[in-house]
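The values are calculated or read from the model by the stated rules, or taken from the named source; none is laboratory data. Predicted, not measured: the structure shown is a model, and the values here were computed from it. Heads up, the Cβs are rebuilt from the backbone with ideal geometry, glycines too, and the neighbour counts pull from every protein chain shown. Surface areas here come from the heavy atoms of the whole protein model, side chains and all, with no ligands, DNA or RNA. Shrake-Rupley method; radii C 1.70, N 1.55, O 1.52, S 1.80 Å.
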Amino acid sequence: MRLAVLDRDRCQPKMCGLQCIKFCPRVRTGDETIVLGDDEKPVISEELCAGCGICVNRCPFGSIMIISLPEKLEEATHRYGKNGFSLYGLPVPTVGKVTGILGPNGIGKSTAINILSGTLKPNLGRGRIGWEEILEYYSGSIIHDYLLNVSQKKVKTSQKPQYVDMIPKKFKGSVSQLLSKTDERGILKELITKLDISDIIEHKIEELSGGELQRVALAACVARDADFYFIDEISPYLDIYQRIKAAQLIRELAVDKAVMVVEHDLAILDLLADVVHVAYGTPGAFGVITHPKGVRVGINEYLKGFLREENVRIRTEAIKFDVHAPQTTKEISNLLKFGKFEKKYEGGFELVANGGDIRKSEVTGIVGPNGIGKSTFVKILAGEFEPTVGKLEMKIKVSYKPQYIKAEDPILVSDYLQSLSKQVGTSYYETEIIRPLQLERLMKQKLDDLSGGELQRVAIAACLSRTADLYLLDEPSAHLDVEQRVLATKVIRRFAENNKVTAMVVDHDIYMIDMLSDRLLVFEGEPMKRGEVHGPFDMRQGMNRFLKGIGITFRRDEETKRPRVNKLDSQLDRTQKSEGEYYYSVEK
């Protein structure tokens, strides 16, 4: 079975001379394998296509994909027209359980949720069809009764969006005004306490940080009285403590409700979900959603890249986690040594840095709760802020990727990156930055047309494109899926090593920080009031100090060695705390 997919947004027939038609061998022999549609864009016949791939390679905009599907795939659940994206399978909402969906971005998770919420009627790849035909197809399956209720408009849904930074563009007013409109269950006061948002309840929505927006969006979703709750990523902008609180709240919601969650922080997904559906395929072309699996089994199979029950390999290489103790500190000369300085705000918050050093050719991780001054510290290093007390002598070049990324300029990605570096287009740049960050298909797109995850990858590439001595990256994992996080981690690490430059990374993804960092800066204090910078420490000392402050411990999965959060007050949790090993025990 062959699938031909055309990205209509990227296709520019007036600029390419229709090379897909000109060079198609079947067209040149007289077949109508590729013809022009009513919109003057190519229409590819999947029945006539020989799968040679010439049109794919000839298209200058990368808008064509020809894919051979597994023969055992059943009829599509939904397809967006001729040569459009196809989804196979649906996740199953279950009352009393949290159902997770694990897979890359662009694989059809949003399509599945739109079907389950009733905003999109599945067409089974047949075009316009009625509910009778749909229900007949699903007759006897575990999802039939649910879809029957959807067709009769008996399912009420509540959804937390993925990109919470878009909320201020759609709603003007205070947090209390927004939440009061959603409090259908009469639990708003309880939610405000559990999510720790009482201090911002009268703040304007446009004044909120990313972490505050994330918690407000979750409160608004949970406050509604619905049958089916869909929560699209709770981890962006939240620290570990906030993520665990959010996970506990969602677990409580699932006692008598059906809850479905998309999450790329594996430790949180493991803690949160009862079962997971693995989504695989080719982003932007087709997606397959498996039957439900036990959460540990599903995550481990996804990481290994082989789905045992389906007998499908979804990745050529397994995602591997380090099993060794953190690397020992290397004797390296200093790039920058800073003394004590302070930054005070009129609102009362103050940041105190007690002094330290940043070494050459080293990656320093920065960890701590939200609202503790991490971004302020990075902005001072970047030269965007000046200390209130003390002075920072910066005689080095700095490249900075901010936490919140805006793309208001309609410039092409390729033109934007070329404006930053002469290296763009070289074999090294293509091999070490463009390909690993999966930017090839984005180069001819405009910045203001990119999604959050696409914009994040471009921002990482932009930061590494500038010539500098110190590279500062604030939350590079936000909106990236599991595989993209691993690839971004490798890109940053290899860039620092190969170019003998220094990088500092702020992030809440524990694995990303562990894999990247040689040393750690730990931020402590009272969020929104006072922050103190401690370190840098070696990895073991820094991680233990950080996790001890939060009061949680991590272990490693015996099979994949991935980090997993220990249940609070479990035997392993108590043992690790008594030994002072909050992250994982030293390998014997």
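Quick one: accessible area per residue over segment 478-588, 1.4 Å probe, rounded to a whole number of Å²?
42
For Phe554, what residues show an amide H to amide H distance below 5 Å, using hydrogens built from the backbone and excluding near sequence neighbours?
Asn566, Tyr583
Among 493-505, 19-31, what's the highest-first ranking by average C-beta atoms within 10 angstrom per residue?
Per-residue Cβ counts within 10 Å, averaged per peptide and sorted highest first, yield 493-505, 19-31.
Between segment 16-40 and segment 228-305, how far is it from one alpha carbon centroid to the other, in angstrom?
Value for the Cα centre distance between the two parts: 43 Å.
If all Cα-Cα distances of segment 207-251 are sorted into 10 Å bins from 0 onward, what percent lands in each bin, rounded to whole numbers?
Spelled out bin by bin, segment 207-251 gives 26, 58, 15, 0 percent.
Contact order normalised by length for segment 505-588, with contacts defined as Cα pairs under 8 Å and 6 or more residues apart; what percent is it?
Once divided by the residue count of segment 505-588, the mean separation gives 21 percent.
Would you kindly calculate the translational diffusion coefficient of segment 299-434, applying Stokes-Einstein with the Kirkwood radius from alpha carbon pairs, for 37 °C and a viscosity of 0.692 mPa s, and quote it in µm² s⁻¹ without decimals?
Estimated diffusion coefficient is 166 µm²/s.
Using a probe of 1.4 angstrom, how much of the accessible area of the chain is carbon and sulfur, in percent?
48
In percent, how large is the relative contact order of the chain, given Cα pairs closer than 8 Å and 6 or more residues apart?
Reported as a whole number, the value is 13 percent.
Can you grab the distance from the C-alpha centre of segment 430-507 to the C-alpha centre of segment 154-226, Å, no decimals?
31
Which whole-number percent is the relative contact order of segment 14-55 (Cα, under 8 Å, 6+ apart)?
After rounding, I find 37 percent.
Quick one: Cα centre-to-centre distance for segment 525-540 and segment 542-569, in angstrom?
That distance is 19 Å.
Which of the lysines could a cross-linker span from Lys422 if the Cα-Cα distance has to be under 21 Å and same-chain partners fewer than 8 positions apart are dropped?
Cα-Cα hits under 21 Å: Lys397, Lys401, Lys444, Lys446, Lys500.
Amide H to amide H under 5 Å from Val312: which residues, 5+ apart in sequence or cross-chain, H placed 1.01 Å off N in plane?
Leu307
Take the Cα atoms of segment 479-569, find their three principal axes, and give me the spread along each one in whole Å, biggest first.
Ordered largest first, segment 479-569 gives principal extents of 39, 35, 26 Å.
For the peptides 251-258, 449-456, 481-488, what is the packing order when you average, over each peptide's residues, the other Cβ atoms within 10 Å and list the highest mean first?
In descending order of packing, they fall as 481-488, 449-456, 251-258.
For the ranges 273-281, 353-361, what's the packing order if you count other beta-carbon atoms within 10 Å of each residue, average per peptide, and put the highest first?
273-281, 353-361
Restricting things to alpha carbons, tell me how big segment 132-195 is in terms of Rg and Dmax, in Å.
Spelled out, the Cα radius of gyration and Dmax of segment 132-195 are 17.9, 48 Å.
Quick test of your reading: applying the under-4.7 Å Cβ rule, which cysteines of the chain are isolated?
When partners are defined as cysteine Cβ atoms under 4.7 Å apart, the chain leaves Cys11, Cys16, Cys24, Cys49, Cys52, Cys59, Cys221, Cys463 without one.
For segment 19-24, what does the Karplus curve 6.51 cos²θ - 1.76 cosθ + 1.60, with θ = phi - 60°, yield as ³J(HN,Hα) per residue in whole Hz, taken in order and with x for Gly and Pro?
Values, residue by residue: 5, 4, 6, 4, 9, 5 Hz.
Provide, for segment 1-101, the number of lysine pairs with alpha carbons under 29 Å apart, each pair being eight or more places apart or on different chains.
Taking segment 1-101 as the scope, the lysine pair count is 7.
Run the reach check for Lys577 against lysines, Cα to Cα strictly under 29 Å, same-chain hits fewer than 8 apart removed. What comes back?
Candidates past the 8-residue exclusion: Lys194, Lys245, Lys320, Lys330, Lys374, Lys529, Lys548, Lys561, Lys567, Lys588.
Among Tyr404, Tyr229, what's the order by accessible area (1.4 angstrom probe), most exposed first?
Tyr404, Tyr229
In deg cm²/dmol and to the nearest 500, what is the mean residue ellipticity at 222 nm of the chain if only DSSP H runs of at least 4 residues count, each as -39500 (n - 2.57), divided by the residue total?
-8500 deg cm²/dmol
³J(HN,Hα) across segment 465-481 via Karplus (A = 6.51, B = -1.76, C = 1.60, θ = phi - 60°), whole Hz, x for Gly/Pro?
7, 6, 7, 7, 9, 10, 10, 10, 10, 9, 6, x, 7, 4, 6, 8, 7
Dividing the convex hull volume of the Cα atoms of the chain by its residue count, what figure in Å³ per residue is obtained?
That works out to 168 Å³ per residue.
Starting at the first residue of segment 440-453, write each ³J(HN,Hα) from the Karplus equation 6.51 cos²θ - 1.76 cosθ + 1.60 with θ = phi - 60°, in whole Hz, x for Gly and Pro.
Each residue's phi maps through the Karplus curve to give 4, 7, 9, 4, 9, 9, 8, 4, 6, 9, 7, 6, x, x Hz.
Of Lys169/Lys490; Lys257/Lys293; Lys304/Lys406, which sit over 28 Å apart, Cα to Cα?
In this structure, Lys169/Lys490; Lys304/Lys406 exceed 28 Å between Cα atoms.
Residues of segment 12-118: accessible area per residue at 1.4 Å, in Å²?
Computed with neighbouring chains in place, this is 47 Å² per residue.
Give the accessible surface of segment 120-225 per residue, rounded to a whole number of Å², with probe radius 1.4 Å and ligands, DNA and RNA excluded.
That works out to 55 Å² per residue.
Using amide H atoms built in the peptide plane, which far-off residues or other-chain residues are under 5 Å from Val261 H to H?
Thr99, Gly100, Ile101, Ile231
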